[in-house]
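Student: First, the structure itself, so that you have it in front of you.
The values are calculated or read from the model by the stated rules, or taken from the named source; none is laboratory data. Owing to the predicted nature of the structure, the values given are computational and were not obtained by experimental measurement. Cβ: placed from backbone, ideal geometry, glycine included. Neighbour counts: every protein chain shown. To get the accessible areas, we keep the full protein, side chains included, count just its heavy atoms, and leave off ligands, DNA and RNA. Shrake-Rupley method; radii C 1.70, N 1.55, O 1.52, S 1.80 Å.
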Amino acid sequence: MDVIQQKLKLLPDAPGVYIMLDSYKNVIYVGKARILKNRVRQYFHNSPKPEKVTKMVENIADFNYIITDSEIDALALENNLIKKYKPKYNILLKDDKTYPYIKANMREEFPNFCITRKIRKDGGRYFGPFMGGINCKDILDVLQLTFNVRLCHTQIGPKPKRECLNYHICRCSAPCAHKADRQEYAAQVKKALSFLDGDYKDAEQLLNEKMLSAAENENFELALEYKNKLAMLGKLEAKRITSLSRYIDADIIAYATNNLYSAVNVLVTRKGIMQGGNSFALDEAHMNDGEALTAFITQYYASHEVPAEIICEEFCEKELLQNYFKEKSGKTVEITLAKQGVKARLLNMAQKNASDFLEKSVDKIRHRDDMTVNACRRLQEILKLEKYPRRMECYDISNISGVDKVGSMVVFIDGEADRNSYRRFKIKTVEGANDFASLQEVLVRRLSKLGTEDEERFPKPDLIIIDGGKGQLSAVQQIFKEMSVDGIDLISLAKREEEVFTLNSDESVKIPHRDYALKMLQRIRDEAHRFAITYFRNLHSKRNLDSVLSEIDGVGKKKRIALMEKFGTLDKIIGADTDELANTDGIGPKLAEKIKNYFQENL
């Protein structure tokens, strides 16, 4: 703390980003400040703080800071550093998904319509997002059925192409075959755009007419299709909020907290229609709710369309966010702190959703903590590791009789998979089925990144886990010694008895089967195994199936042909159960068991 107190005195009176570090130099929190001197000092005052902040401060061993030109730049830098370091006490939006939009490609002479999840500045018109059970394909179906616009990406040139089936079933006017008049097609596109803007009258009228016509002609299957599309339009119309302007585009964002965990609810309104909403569980250590909400909003809109208006809580950092969106995305966004009227009622709806989600998610969040961060702490305690295993890497080797040898590296941070950091290795120097040598090659290639420019992309792990027993552990320990690697704990997990081998003792450690620490080790081991097998199968499927099956004693040419004819691919043969294999011509129960055992022992 003496070092911290000295650094606190030197903090500048300027905007910037501060980076909190634990005793192992891990980044545990990143924050932005309008005045660094004032903000950072608040963490070390004796004044009351949120419980999460208090826990975080207990783990601070040092801090760094970066001065920026403005608070807006600090907010942008904070967002980038959070993505880079994934600090355990920051908001991290995990498993978030982008929603689909419908795009009208207006740069085409005959515009086409398609589904996309990315919005680009390409001259197209985008409609959405579509959420809450609305299927974009149904919307496109209506466009085809009622307005005969094209959904394909076919290039339209001077030479007419042959019309496709959609033309013959009256779903497209076939501009590619020069069957469509340009002005008539433009009129249809205009109606389609109006429909996507929320004007359903023309579509409903046309669908109704076509439904009646189809029924009169006793084409009842087509009539039913029209009826289903009319029902879908009815659902869309029911989502309209009559008291809102039909042209309003707004996201409504509400925040709820119990001072330890938090939740955010986002409701999406487009053209006066409630598209749906989504809730997020947060786990952060912000000093106040305004900062937490700002951090969420900047992360959320890094992967979602920024609306014309955001209706938000009164503690939202309004001016900062408006200036941030203006400077970083070039878009004017109105942040409305709704206090009365219909917008306040919408905000109240979002607040109820956020509070309800938080109440129902607390146990899940606590369970997630037990399975991740708390499991990491317990693992450190049980195995007497040098430090908290924040970044764990697990390695596995996969091959069949030395063919197509591959290695996998999976990464868990604070007990959760970081799939962007996974790596695959094709074994280059090892002859035959030598798992020990293959592991050594993989670890040499991985550890050679340490101390180089590549360490930025491949940070030093706290713990390396090997899928295997004492022999695999010794093979990797040899590499550690040859490369003078220190500061990294090394263990192995043997699958048969789930024994953990460490460098601290000749005896294995048996962690109780219900212990979350063991469950976490099993998750990372199984993930490494899955990742290796997936890569192996991808490589192996490119080879002749016949040569793979010929490795199995008792599987002759006729039996290999029978297996290939029945299953078709190596993946399906490996995934088949014993009964399925036994029912193949010429195989039988005994040989099926032998084939199954072969794959289990060699994968």
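Student: For Lys190 and Ser70, what does the FRET efficiency come to when R0 = 51 Å and r is the distance between their Cβ atoms, rounded to the nearest 0.05?
Tutor: Details: r = 44 Å, r/R0 = 0.86.
My answer for the efficiency is 0.70.
Student: May I pose another question? Would you calculate, for the chain, the mean residue ellipticity at 222 nm contributed by helices, counting each DSSP H stretch of 4 or more residues as -39,500 (n - 2.57) and dividing by all residues, to the nearest 500?
Tutor: Values: 21 runs with 263 residues, N = 603.
Taken over the chain, the calculation gives -13500 deg cm²/dmol.
Student: Quick one: accessible surface of Val268, probe radius 1.4 Å, all protein chains present, in square angstrom to the nearest 10.
Tutor: 0
Student: With all protein chains present and a 1.4 Å probe, how do Glu58, Glu327, Glu431 order by accessible area, largest first?
Tutor: The ordering from most to least exposed comes out as Glu431, Glu58, Glu327.
Student: Which option, [x] 27.5, 94; [y] 27.5, 98; [z] 30.1, 89, is the value of Rg and Dmax of the Cα atoms in Å that was calculated from these coordinates?
Tutor: It is the one labelled [z].
Student: Please state the charge dipole magnitude for the chain, taken about the Cα centre, from unit charges on C-beta atoms (+1 on K and R, -1 on D and E), reported in debye and rounded to the nearest 20. Write out the running numbers ahead of the final one.
Tutor: Details: 95 positive and 88 negative charges, 225 e Å.
Dipole about the Cα centre, nearest 20: 1080 debye.
Student: Report the charge-dipole magnitude of the stretch 458-540 in Debye, nearest 20, computed about the Cα centre from +1 at each Lys and Arg Cβ and -1 at each Asp and Glu Cβ. Intermediate results must be reported in sequence, preceding the final value.
Tutor: Values: 12 positive and 13 negative charges, 77 e Å.
Here the size comes out at about 380 debye.
Student: Further question: Using only the Cα atoms of the stretch 203-330, build the gyration tensor, take square roots of its eigenvalues as a ≥ b ≥ c, and label the shape rounded, prolate or oblate: rounded if a/c is under 1.5, else prolate if a/b is larger than b/c, else oblate. Could you put the intermediate results ahead of the total?
Tutor: Working: a/c = 3.62, a/b = 2.69, b/c = 1.35.
Here the stretch 203-330 falls in the prolate category.
Student: Taking the stretch 104-238 as the region of interest, what is the percent of Cα-Cα pairs per 5 angstrom bin, listed from the shortest bin to the one with the maximum distance?
Tutor: Values per bin, smallest distances first: 2, 10, 19, 22, 20, 16, 9, 3, 1, 0.
Student: Magnitude of the Cβ-charge dipole of the stretch 369-489, K/R +1 and D/E -1, about the Cα centre, nearest 20 debye?
Tutor: On the way: 19 positive and 22 negative charges, 41 e Å.
Dipole of the stretch 369-489, to the nearest 20 debye: 200 debye.
Student: Mind checking the full-extension length gain between Asp577 and Asn219? Use 0.36 nm per residue of separation minus the Cα-Cα distance, one decimal, nm.
Tutor: Working: separation 358, 0.36 × 358 = 128.88 nm, distance 4.63 nm.
Contour length minus Cα-Cα distance gives 124.3 nm.
Student: Check cross-link reach from Lys596 to the lysines: straight Cα distance under 22 Å, and skip same-chain residues fewer than eight apart.
Tutor: Lys405, Lys495, Lys542, Lys557, Lys558, Lys559, Lys566, Lys572
Student: Which FRET efficiency, nearest 0.05, do Met349 and Ala302 yield, Cβ-Cβ r, R0 25 Å?
Tutor: Details: r = 25 Å, r/R0 = 1.01.
My answer for the efficiency is 0.50.
Student: So what is the relative contact order for the chain, in percent, with contacts set as C-alpha pairs under 8 Å and at least six apart? Mind dumping the intermediate values first?
Tutor: On the way: 967 pairs, mean separation 49.3, N = 603.
It rounds to 8 percent for the chain.
Student: Still on this structure, please answer the following. Could you calculate the contour length gain from Val342 to Ile4, that is, 0.36 nm times the residue separation minus the distance between their Cα atoms, to one decimal place in nm?
Tutor: Values: separation 338, 0.36 × 338 = 121.68 nm, distance 4.94 nm.
Here the segment from Val342 to Ile4 would lengthen by 116.7 nm.
Student: Another question, then. Using a 1.4 Å probe on the protein chains only, how many percent of the accessible area of the chain belongs to carbon and sulfur? Mind showing how you got there, number by number?
Tutor: Values: 13960 of 30030 Å².
Summing carbon and sulfur atoms, their accessible area is 46 percent of the total for the chain.
Student: Any of Lys49/Lys86; Lys88/Lys364; Lys235/Lys331 with alpha carbons more than 27 Å apart? Name them for me. Can you show the working numbers first?
Tutor: Values: Lys49/Lys86 23 Å; Lys88/Lys364 17 Å; Lys235/Lys331 32 Å.
Table pairs above 27 Å Cα-Cα are Lys235/Lys331.
Student: Can you give the accessible area of Asp370, probe radius 1.4 Å, in Å² rounded to 10?
Tutor: 50
Student: Per residue of the stretch 468-473, in order, report the coupling 6.51 cos²θ - 1.76 cosθ + 1.60 (Karplus, θ = phi - 60°) as ³J(HN,Hα) in whole Hz, putting x for Gly and Pro.
Tutor: These are the phi-based 3J(HN,Hα) values: x, x, 5, x, 4, 4 Hz.
Student: Using the Karplus equation 6.51 cos²θ - 1.76 cosθ + 1.60 (θ = phi - 60°), what ³J(HN,Hα) coupling, rounded to whole Hz, does each residue of the stretch 333-348 give in order, writing x for Gly and Pro?
Tutor: 10, 8, 8, 9, 8, 5, 10, 8, x, 5, 5, 5, 5, 5, 5, 4
Student: So what does Arg34 come to for accessible area, using a 1.4 Å probe and Å² rounded to 10?
Tutor: Counting only protein heavy atoms, Arg34 exposes about 150 Å² to solvent.
Student: Going by accessible area, probe 1.4 Å, with all protein chains left in place, what is the ranking of Glu221, Glu551, largest first? Write down the numbers at each step before the final one.
Tutor: Details: Glu221 155, Glu551 85 Å².
Putting Glu221, Glu551 in descending order of accessible area: Glu221, Glu551.
Student: Listed highest first by mean packing, meaning other Cβ atoms within 10 Å per residue, what order do 200-212, 477-489, 406-418 come in? Provide the component values of the computation, followed by the final result.
Tutor: Working: 200-212: 16.1, 477-489: 13.5, 406-418: 22.5.
Per-residue Cβ counts within 10 Å, averaged per peptide and sorted highest first, yield 406-418, 200-212, 477-489.
Student: List, in order, the whole-Hz ³J(HN,Hα) value for each residue of the stretch 267-277 obtained from phi through the Karplus relation with A = 6.51, B = -1.76, C = 1.60 and θ = phi - 60°; use x for Gly and Pro.
Tutor: Per residue, the Karplus-derived 3J(HN,Hα) values read 9, 10, 10, 10, 6, x, 10, 6, 7, x, x Hz.
Student: A further question follows. Going by the alpha-carbon gyration tensor, a ≥ b ≥ c the square roots of its eigenvalues, is the stretch 268-360 rounded (a/c under 1.5) or, if a/c is not under 1.5, prolate (a/b greater than b/c) versus oblate? Walk me through the numbers before you get to the answer.
Tutor: Working: a/c = 1.45, a/b = 1.09, b/c = 1.33.
It comes out rounded by the Cα gyration axes.
Student: Another question about this same structure. Can you give the FRET efficiency for His513 and Arg445, using 1/(1 + (r/R0)^6), R0 = 41 Å, r = Cβ-Cβ distance, to the nearest 0.05? Write down the numbers at each step before the final one.
Tutor: On the way: r = 34 Å, r/R0 = 0.84.
So, using R0 = 41 Å, E works out to roughly 0.75.
Student: Working with all protein chains in place, sort His529, His513 by solvent-accessible area computed with a 1.4 Å probe, largest first.
Tutor: Numbers: His529 45, His513 125 Å².
So the residues, ranked largest to smallest area, are His513, His529.
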